[in-house]
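Just so it is clear, none of the values below were taken in a lab; they were calculated from the coordinates. Computed from a predicted model, the values in this text were never measured in an experiment. Cβ placement follows ideal geometry from the backbone for every residue including glycine, while neighbour counts extend to all protein chains displayed.
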Amino acid sequence: MSEHVQSRHSVVPAAVLLAAGEGSRLGGIPKSLLTLNGQSLLTRQLAALRLAKIEQIVVVTGYFHSLIEAELKDQGVVVIRNPTPEAGQQSSVRLGLAQLRDPYDFSFITLADQPLLVAEDFLELITAFEQRRATTEIRYPLVNGQRGNPVAISKEIISTILAEDPAVTCRGFIKDHPQLVDQYQTTNEHFIVDIDTAQDLLTFQARTGSELKRPA
């Protein structure tokens, strides 16, 4: 990861980083605490966000909150704990979005288990959001036909979602308002690599030559 990333963007991004999951398909472990080259995926992604000049970061915890929040100590991020993570990822998304404060123009919703994301990837998506079609407010990567993450959503749409009934999810809103979405066509596979299963760990190692180690 470059230590000399520069951002010349005119928009102010924020980020909601989701780290509340149970990791059930990996045997019940905090996926964000998988380590790559001795550093947790959570810490790596926080570093990438900061190098991309994203200063407002909200991290949503839930399962394994004690372990994850210990990792976040002194990181200078806003931490919100989902008291009912069993309600699913979308409940964590809504909690995280509700913590955002001015100034920001849009926010990423990003997953803590994407091991390949670096600052340049976030900068690529910031540019993509700036260059979206004028009538749209949501942009996410589409990699060779496969939807990826992070998702970028304007402040206006975030306010609209939060004003809706709590049963309205971010994912549901996006699905119901395709006219507000401008898919970003890219070949950058960093946006579609995440870790859900033991097979994903093996596939990642075969692909990169690096091992993702389970937390002790």
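Could you point to the label whose value was computed as Cα extents along the principal axes in Å for the structure here, given [x] 43, 38, 37; [y] 55, 40, 34; [z] 46, 36, 34?
Label of the calculated value: [z].
For Ala70 and Asp176, what is the calculated FRET efficiency with R₀ set at 25 Å and r taken between the beta-carbons, to the nearest 0.05?
My answer for the efficiency is 0.05.
What distance in nm separates the simple spin-label points at Leu142 and Glu22, each placed 7 Å from Cα in the Cβ direction?
Distance between label points: 3.3 nm.
What does DSSP give for the chain in terms of the percent of beta bridges that are antiparallel, rounded to the nearest 5?
35
Compute the distance from the alpha-carbon center of the range 84-133 to that of the range 159-190, in whole Å.
Spelled out, the Cα-based centre of one part sits 11 Å from the other.
Extent of the range 74-167 along each principal axis, from alpha carbon coordinates, in Å, largest to smallest?
35, 32, 29
So between Lys213 and Glu156, what do we pick up on full extension, going 0.36 nm a residue minus the alpha carbon distance?
16.6 nm
Working out 0.36 nm times the residue gap between Thr84 and Ser10, then minus their Cα-Cα distance, what length gain in nm do you get to one decimal?
Working it through step by step, the gained length comes to 22.9 nm.
Can you give the FRET efficiency for Ala198 and Thr135, using 1/(1 + (r/R0)^6), R0 = 45 Å, r = Cβ-Cβ distance, to the nearest 0.05?
Approximately 0.55, to the nearest 0.05.
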